[in-house]
Amino acid sequence: MSKLLKRSLIIIIGIIIIGIAGRSILISNTKKHSPEQTITHKSKEANFTVFYNRPFRKERVIFGGLVPFDQVWRTGANEATTFTTDKDILVDGTVLEAGTYSLWTIPGENSWKVIFNSGEYNWGVNFTDGNPSHDPKYDILTIEVPVQRLLNVIEQFSIYFQEANDFTIMYLAWDQTAIAVPIKLK
């Protein structure tokens, strides 16, 4: 092998290693600001799991500012948020089969669209342009729910579940805004 070929090969390998290390450092740094959370909820006969990243408010205007109104949001930070159910369920009266879905939202001033999507996404936004990775051709279920104004500020984006009679309610809350997604066993 010629010296030029050896040097070129070493340079290419070095660039690849630096690229991989740089990506790892970038991901690690973003996780410090928006840590991962996995929520598992057992509801009578069904189990739900949500994986998401929890950004902080940090005195920013969230909805209508950091998260624009009427545009698809990855519903958290970093990787696309996922929702898993082990049983077929009714989400606001519409069937959602057992499985894992990416969870996207379109926040509005008075209501939000909540989208369950069958696509798999490594990251919630494209690195090249910063737009959401969401592909609407994989949308399985879209519902619209009203916004609930909160009296207290929620500093860190939160997803949690509560039981209410025959329903499970999945709440998404941040800043002074919350939405409730009604879920019922099919």
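Values in this text are rule-based calculations from the coordinates and carry no lab data. A quick note: this is a predicted structure, and the numbers were derived from the prediction, not measured. Cβ: placed from backbone, ideal geometry, glycine included. Neighbour counts: every protein chain shown.
Label separation (L185 vs R7): 7.1 nm, computed from points 7 Å beyond Cα along the C-beta direction.
Taken about its Cα centre, the chain carries a charge dipole of about 1020 debye when Lys and Arg each add +1 at the Cβ and Asp and Glu each add -1 at the Cβ. Between K137 and Y160, the FRET efficiency from the beta-carbon distance, with R0 = 30 Å, is close to 0.50.
Taking amide H atoms as placed 1.01 Å from N in the peptide plane, the amide H of L90 lies under 5 Å from those of L96, K184, L185, K186, each 5 or more residues away in sequence or on another chain. Between I16 and L90, the contour length at 0.36 nm per residue exceeds the alpha carbon distance by 22.0 nm.
Evaluated with a Cβ-only charge set (Lys, Arg +1; Asp, Glu -1), the range 29-102 carries a dipole of roughly 500 debye about its Cα centre, given to the nearest 20. Exactly which trypsin sites (Lys or Arg not before Pro) in the range 42-143 are in a DSSP loop and have at most 12 other Cβ atoms within 10 Å? Loop-located and lightly packed - K44, K58, R60.
Of the residues P68, A178, V153, the one whose Cα sits farthest toward the positive end of the charge dipole of the range 35-185, with +1 on the Cβ of Lys and Arg and -1 on the Cβ of Asp and Glu, is V153. Partner aspartates and glutamates whose Cα lies under 19 Å from the Cα of K42, excluding those fewer than 8 positions away in the same chain, are identified as D86, D88, D92, E97, E163, D166. For E79, nonlocal amide neighbours, meaning residues 5 or more places apart or on other chains whose placed amide H falls under 5 Å from its own, are G124. Residues T105, T38, T177 in ascending order of nearby Cβ atoms (within 10 Å, fewest first): T38, T177, T105. Compared with the alpha-carbon gap, the fully stretched path from F56 to K44 is longer by 1.1 nm at 0.36 nm per residue. Taking amide H positions as modeled 1.01 Å from N, with prolines and chain starts lacking one, the residues under 5 Å from T177 and 5 or more places away or on another chain are L150, I154.
Each 10 Å bin from zero holds the following percent of Cα-Cα pairs in the chain: 9, 33, 31, 14, 7, 4, 2, 0. Of the residues G76, G65, G108, the one that moves most in a GNM of the chain with alpha-carbon contacts below 10 Å is G65.
Checking the Cα-Cα distances for K137/K186; K87/K184; K44/K113 against a 22 Å cut-off, the pairs over it are K137/K186; K44/K113.
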